[in-house]
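This report refers to the structure that appears directly beneath it.
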Amino acid sequence: MATDFKKTYKFAGYTSSYITTFLTLVMGVFFYYNQTISYWYLLAFAIICYLICFFIIQSRVENFIYKRIQKIYDDLTLLEATSFSKQQITTDMETLTKEVERFAQNKKLEIESLKGQEMYRKEFLGNVSHELKTPLFTVQGYIETLLDGAMNDKAVRKNYLQRAGKGVDRLIHIIKDLDMISKLEAGNLAIEPKRFNIIELVQNTMDQLEMKAEKKNIQLTFDIIYKDSIFVKADPERIQQVLLNLMVNSIKYGKYGGTTEVSIEDLIKNKVIIRVTDNGEGIQKENIQRLFERFYRVDKTGSRKEGGSGLGLSIVKHIMDAHGEKIYVESQIGIGSEFSFTLEKAK
């Protein structure tokens, strides 16, 4: 226990005074009726009686408190018994009470935090189970159907194997994303900062997603024509993963014939901010705070029609945290969403 309790003798002093006063009066009456009263003897008796009572009461009370508080330490581990010493225990009950209350309050906060983590753990395990069993049951269903005789029909066999293959691909995608998040959280996924042109990286990402965007007639574009290069210092592979996840989401939830626009602006002297903006359906305000949680979906129906592992934004957040950078979200229902993140400029 880091706090040294204030030494006090009030309890022993007052109690000794009461006992001494009572015994001195009794002795005074005794001397008076026996005609042997001596005020010097009476005074000496009072002083000796007071001192004896004081030391006995003080030591006994301290010992009593020590044993009781030590029992709390040992039995309940409410406080840190390893730093607990007898010299700190006194009759200052007010200080003792405050210390116990303070530690009890800290334990209460810890318990509440653990309950929250337990709820999150249960929700996470439930989400993992749901995400994995859906493609597993799909693959299992197609394989069992083929084994039951459908494999004799070449057209059906090819179709079912292709669907089973998609289910396996989805499983692999989920497992890879989970593995990446685990490595990022444990600090085992190395971030290798390099100097590169962010304009070129964004353009490469747009080129990769061009066919996906064309299916919904969504235009991937810059806000302006960037004639000069903008160099940043970060891990280009991880930042491209961030851009891919953000752009894929903007395409998934963008409206048909809409746009996904990327802008790059100076933020402060040594920072730039990259914005990915769409004019899609937007996000409810109450959902924004939980967007970066693993498997959290804005769609409460649990629909998987848009695919994905449900881990994309969580990976984005972890990658930005690993770079020591920030990511922001702004959204309005029916107007669209904007995801933005910062990067360090490179000379």
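Does the stretch 28-41 contain any residue that is modelled with pLDDT under 85, of a type in the set (A, V, I, L, M) and outside any helix (DSSP H, G or I)? Yes, the stretch 28-41 contains a residue that is modelled with pLDDT under 85, of a type in the set (A, V, I, L, M) and outside any helix (DSSP H, G or I).
Tell me the residue from LYS158, LYS255 that is more than 20 Å from ALA322 (Cβ to Cβ) and touching a residue at least 12 places away in the same chain (Cβ under 8 Å), please. Before the answer, list the steps.
Working: LYS158 fails: touching a residue at least 12 places away in the same chain (Cβ under 8 Å).
From the options LYS158, LYS255, the qualifying one is LYS255.
Restricting the stretch 282-299 to residues that are surrounded by fewer than 17 Cβ atoms within 10 Å (Cβ to Cβ) and either among the charged types (D, E, K, R) or not assigned by TED's automatic domain parsing to the domain that holds GLY334 (or both) leaves a set whose member that is nearest to LEU125 (Cα to Cα) is ARG290.
Annotation: SER331 fulfils all but one of (1) of a type in the set (Ser, Thr, Tyr); (2) modelled with pLDDT under 85; (3) touching a helix residue (DSSP H, G or I) at 6+ places or on another chain (Cβ under 7 Å); the unmet one is (2).
When the criteria are applied in full, PHE103 meets the requirement of being more than 30 Å from GLU293 (Cβ to Cβ), in contact with an Asp or Glu (Cβ under 9 Å, 6 or more places away or on another chain), at pLDDT 65 or above and surrounded by 15 or more Cβ atoms within 10 Å (Cβ to Cβ).
Taking every residue in the stretch 208-226 that is under 20 Å from GLN240 (Cβ atoms) and pairing it with any residue that is in a helix (DSSP H, G or I) and of a type in the set (Asp, Glu), at least 6 positions away or on another chain, the pairs with Cβ-Cβ distances below 8 Å are LEU220/GLU210. Let me spell it out: the conditions are (1) part of a loop (DSSP other than H, G, I, E, B); (2) farther than 30 Å from THR259 by Cβ, and THR145 meets all of them except one. Which number is the exception? That leaves (1) as the condition not met.
Here LEU147 meets each of (1) over 25 Å from GLY312 (Cβ atoms); (2) surrounded by 12 or more Cβ atoms within 10 Å (Cβ to Cβ); (3) of a type in the set (A, V, I, L, M) with one exception, condition (2).
In this structure, is GLU200 in contact (Cβ under 8 Å) with a residue 12 or more places away in the chain, surrounded by fewer than 13 Cβ atoms within 10 Å (Cβ to Cβ) and over 23 Å from the mean Cα position of the chain (by Cα)? Taking the combined requirement at face value, the residue does not satisfy it.
The values are calculated or read from the model by the stated rules, or taken from the named source; none is laboratory data. Just so it is clear, the model here is predicted, and its values are computed rather than measured. Because the Cβ atoms are built from the backbone with ideal geometry, glycine has one as well, and the counts that use them run over all protein chains shown.
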